[in-house]
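Got a structure for you, written out below as structure tokens; questions coming shortly.
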Amino acid sequence: MAKIHGCLSPKRLPAPCPSISAFAMASRTLSVSSLASAAFASFPRPRPPPPSLRIPGLHVARGSRFRASPLSTTAAAASTDADADGVDTVEQLLVTKPDSSGKGRTDRLMKLQRRADVESPGGAGRRWFPYLDAFRAAGDVELTSREVLEVLEPHILEARRERIRRAVENRSYSVCLVVEGLSDFGNVSAAFRSADALGVQSVHVISCDNKRYRDNRHVSMGAEKWLDIELWNSTAECFEALKRRGYCIATTYLGTDSVSVYDMDWSHPTAIVVGNELMGISDDALKLSDLHCSVPMKGMVDSFNVSVAAGILMHHAVCDRASRLGHHGDLLPEENRILLAEFYLRHRESTASIVHEYAKRKAGNFMDKL
């Protein structure tokens, strides 16, 4: 008898080779599976339940990051024109549902008290700074930024505190970004990410004609948590507020009167405005702006992607400011301390709770002394 792969022993009956046994077992399994499939082929398969009607919304997760969550079916039914992947207005993506105080998402991100637009920037030649040195805590107790820093410093790791300090030192309100009527929220998110990376703290979003935005929050990498984002219903409303704050408004537009961005003096407070991906800057924005600017093109195409253009403009503004002034960040010592306290409060949801508890103890001690 011939040996099969060395599996035959002269003193025993031949045992099946492992490879042959495995092949036989596999054949039997295949046969049973085939028979089972044939047996049940005539029976209709149960259909999976239809997916529930959901539109990705947002709610605040730990650490003040965005996370998708379903809206109510009422809101979903009102959005029958939504894409299969789900779309929302920019207000829904950035603001979400108001909380019990009536504030939206972006308002909740801004923790310290904000200056009113009617107030002057603080003197001739001074640029706008939005925060007051006051945090309204539990029981209407007002804390200063210095108190907030003292309370929260022990609760934030040293490496994290150092990173926040470096970011604040390089922040500036002398340059702000305005995005007008973009149709792809991915472009808005990419602009947020560039603004944060370059130290541009103030970003304004004008949602024209109730445009709907695709949900691409992941593009921003959480940058919206660290920016001051303001939402506007119209270009006129936004530009009016920016002019009150002392900004020169520069719209990106390729025309005969356009100024090259390389010829501009970015040391003065300037708002950079980028427009819709297809239509560009609106007529209202062109009419209400102080000047039109453009990036010289060297190739065959005559425009950049809108988020790329925003990144190039902000990067050039930062480089120009560093060349003229020696630095981009321009916060005064008091403003630095206030924005540092603001960032500490945004670090985690729990940090605001810690400050509220401190405020309660402070109020209790004050009442005891009385």
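The values are calculated or read from the model by the stated rules, or taken from the named source; none is laboratory data. Only a predicted model underlies this, so the values are computations on that prediction, with no experimental measurement involved. Every residue, glycine among them, receives a Cβ derived from its backbone with ideal geometry; neighbour counts consider all protein chains shown. Surface areas here come from the heavy atoms of the whole protein model, side chains and all, with no ligands, DNA or RNA. Shrake-Rupley method; radii C 1.70, N 1.55, O 1.52, S 1.80 Å.
Listed residues Ser202, Ser194, Ser172; which is open to solvent by 10 Å² or more (accessible area, probe 1.4 Å), in contact (Cβ under 8 Å) with a residue 24 or more places away in the chain and of a type outside the set (Val, Ile, Thr)? Spell out how you get there, then give the answer.
On the way: Ser202 fails: open to solvent by 10 Å² or more (accessible area, probe 1.4 Å); Ser172 fails: open to solvent by 10 Å² or more (accessible area, probe 1.4 Å).
The match here is Ser194.
Only one of these conditions is not met by Lys287: (1) open to solvent by 70 Å² or more (accessible area, probe 1.4 Å); (2) over 26 Å from the mean Cα position of the chain (by Cα); (3) closer than 20 Å to Tyr173 by Cβ. Which number is it?
Unmet for Lys287, out of (1) open to solvent by 70 Å² or more (accessible area, probe 1.4 Å); (2) over 26 Å from the mean Cα position of the chain (by Cα); (3) closer than 20 Å to Tyr173 by Cβ: (3).
Take the residues in the stretch 323-360 that are among the charged types (D, E, K, R) and not in a helix (DSSP H, G or I); name whichever of them is surrounded by the fewest Cβ atoms within 10 Å (Cβ to Cβ). Outline the logic, then answer.
Narrowing the stretch 323-360 to residues among the charged types (D, E, K, R): 324, 330, 334-335, 337, 342, 346, 348-349, 357, 360.
Checking which are not in a helix (DSSP H, G or I) leaves us with 330, 348.
On the way: Asp330: 20, Arg348: 17.
Checking each candidate, the answer is Arg348.
Quick check: anything in the stretch 334-355 among the small types (Gly, Ala, Ser) and on the phi > 0 side of the Ramachandran plot?
So in the stretch 334-355, the residues among the small types (Gly, Ala, Ser) come out as 341, 350, 352-353.
This time we only want the ones that are on the phi > 0 side of the Ramachandran plot, so: none.
No.
Would you mention how many residues in the stretch 298-322 are in a loop (DSSP other than H, G, I, E, B) and in contact (Cβ under 8 Å) with a residue 12 or more places away in the chain? Please lay out each step first, then the result.
Residues of the stretch 298-322 that are in a loop (DSSP other than H, G, I, E, B), as a first pass: 298-305.
Filter once more, keeping what is in contact (Cβ under 8 Å) with a residue 12 or more places away in the chain: 302-303, 305.
Number of matching residues: 3.
Name the pairs: first residue in the stretch 231-255 and within 16 Å of Ser207 (Cβ to Cβ), second residue part of a helix (DSSP H, G or I) and open to solvent by 40 Å² or more (accessible area, probe 1.4 Å), Cβ to Cβ under 9 Å, at least 6 apart or on different chains?
Leu231/Glu91; Ser234/Asp284; Thr235/Asp284; Thr235/Leu288; Ala236/Asp284; Ala236/Leu288; Phe239/Asp284; Phe239/Leu288
Shifting gears a bit: Restricting attention to the stretch 107-148, report how many residues are modelled with pLDDT under 70 and acidic (Asp, Glu).
Total meeting the criteria: 2.
Out of the stretch 124-165, which residues are assigned to a strand (DSSP E or B) and surrounded by fewer than 17 Cβ atoms within 10 Å (Cβ to Cβ)? Can you show your working first?
Filtering the stretch 124-165 for residues assigned to a strand (DSSP E or B) gives 131, 135-136, 142-143.
Passing the criteria: Arg136, Glu142.
Can you tell which of Ser267, Ser282 is in contact with a strand residue (DSSP E or B) (Cβ under 8 Å, 6 or more places away or on another chain), of a type outside the set (A, V, I, L, M), within 22 Å of Cys319 (Cβ to Cβ) and open to solvent by less than 40 Å² (accessible area, probe 1.4 Å)?
On the way: Ser282 fails: within 22 Å of Cys319 (Cβ to Cβ).
The unique qualifying residue is Ser267.
Now for a separate question. Picking from Val261, Val200, Val219, which residue would you name as being modelled with pLDDT of 95 or more and either in contact with a helix residue (DSSP H, G or I) (Cβ under 7 Å, 6 or more places away or on another chain) or closer than 25 Å to Leu345 by Cα (or both)? Spell out the reasoning first.
Details: Val261 fails: modelled with pLDDT of 95 or more; Val219 fails: modelled with pLDDT of 95 or more.
After ruling out the rest, the residue left standing is Val200.
Okay, next question. Yes or no: the stretch 99-106 includes at least one residue that is surrounded by fewer than 17 Cβ atoms within 10 Å (Cβ to Cβ) and either modelled with pLDDT of 90 or more or among the hydroxyl-bearing types (Ser, Thr, Tyr) (or both).
yes
Tally the residues that are surrounded by 15 or more Cβ atoms within 10 Å (Cβ to Cβ) and under 26 Å from Ser189 (Cβ atoms), restricting the search to the stretch 235-253.
So the answer is 12.
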